[in-house]
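The values are calculated or read from the model by the stated rules, or taken from the named source; none is laboratory data. All values reported here derive from a predicted model rather than from experimental measurement. No Cβ is skipped: glycine too gets one built from the backbone with ideal geometry, and neighbour counts run over all protein chains shown. With ligands, DNA and RNA removed, areas are computed over all heavy atoms of the protein, side chains included. Shrake-Rupley method; radii C 1.70, N 1.55, O 1.52, S 1.80 Å.
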Amino acid sequence: MCSLTEIVISIFLILGTFVVFSGTLGVLRFPDVYSRLHAATKSATLGVSGILIGSFLFFLFVQDLVSGKLLLGIVFVLLTAPVGGHMISRAAYRSGVPLSEKTIQDELNSERDYY
Amino acid sequence: MAVQLLINIFIGVIWMFLSENYSFGSYVSGFIVGIGLIYLLNRYIPDEFYFLKVWAIIKLIFLFIKELILANFDVLKWIYKPKMNFRPGIIALPIDLKTNWEINLLANLITLTPGTLSVDISRDQRFIYIHAIDLPDTNETIHSIKETFEKAIIEVTR
């Protein structure tokens, strides 16, 4: 049995898992804190929302259940992930974590006197 | 804005009572009728037609989803490239937004779109410092953020 809804649900789940996997790989491969945060915050948003949308569709079509909690989960992930990323990068910069040597430009350097 | 929303909610309740059908569906249909009524009688009610604001919020949400998906592929590209020859950097983005609420929204949206990460906000709240993962052209990055997100946020809040 392989209906259209199952195919759509699988696509959402696979895409979500793929993005989360790539995010983890990015955390391992990127050179410094700031570029690692790029990978970490993005996989947390797009990947998790993909998986949650997939499970929302599963409950909607297979079990005839509108699950508002899953949609709320997406909203809260979207609300909290950027705040976490911003705070980590800010704390890293203020405590003097160096940028990788590939960095071509650092305009925040002028504000360092205030810290 | 708040007055119009209250009137609209009230019209929805009245519609529900008049049709003697106390369900969510009849409330929604009354609410939609209320939107139409407020649009027609807009001259007599203070402020601009509030649904324009709601429309701007919906446009901002769709713009954000588009940017989120498009730019995710950008970061995926860097993750799977065998040679990591990107050039990251921190740039200062000058902002025209005034209130804390608007700056908060812009900083969060910048972080959520891949390729850019808001690191800090200057003391006088005139710059957001952004860490970009690849900086071929500083001016172009600043321009694209100002053209898309800042414009949409101003449309919502003013």
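Some notes on this structure:
- Considering the stretch B:111-147, and only residues there that are open to solvent by less than 40 Å² (accessible area, probe 1.4 Å) and polar (S, T, N, Q), the residue that is nearest to residue B:69 (Cα to Cα) turns out to be B:113.
- Strands (runs of 3 or more DSSP E) within the stretch B:63-145 that include 1 or more residues among the charged types (D, E, K, R) and on the phi < 0 side of the Ramachandran plot: B:116-121
- Taking every residue in the stretch B:142-155 that is in the same structural domain as residue B:91 (by TED's automatic domain parsing) and pairing it with any residue that is open to solvent by 50 Å² or more (accessible area, probe 1.4 Å) and of a type outside the set (Gly, Ala, Ser), at least 6 positions away or on another chain, the pairs with Cβ-Cβ distances below 6 Å are B:153/B:105.
- Looking across the stretch B:47-62, the residues that are open to solvent by 80 Å² or more (accessible area, probe 1.4 Å) and either touching a residue at least 12 places away in the same chain (Cβ under 8 Å) or assigned to a loop (DSSP other than H, G, I, E, B) (or both) come down to B:47, B:48, B:59.
- Hey, residue A:35 surrounded by fewer than 17 Cβ atoms within 10 Å (Cβ to Cβ) and within 26 Å of residue B:92 (Cβ to Cβ) or not: no
- Lone unmet requirement of (1) part of a helix (DSSP H, G or I); (2) of a type outside the set (A, V, I, L, M); (3) within 11 Å of chain B (Cβ to nearest Cβ) for residue A:16: (3)
- Test for residue B:22: is it of a type in the set (Ser, Thr, Tyr), within 29 Å of residue B:153 (Cβ to Cβ) and free of Cβ contacts under 8 Å to residues at least 60 places away in the same chain: no
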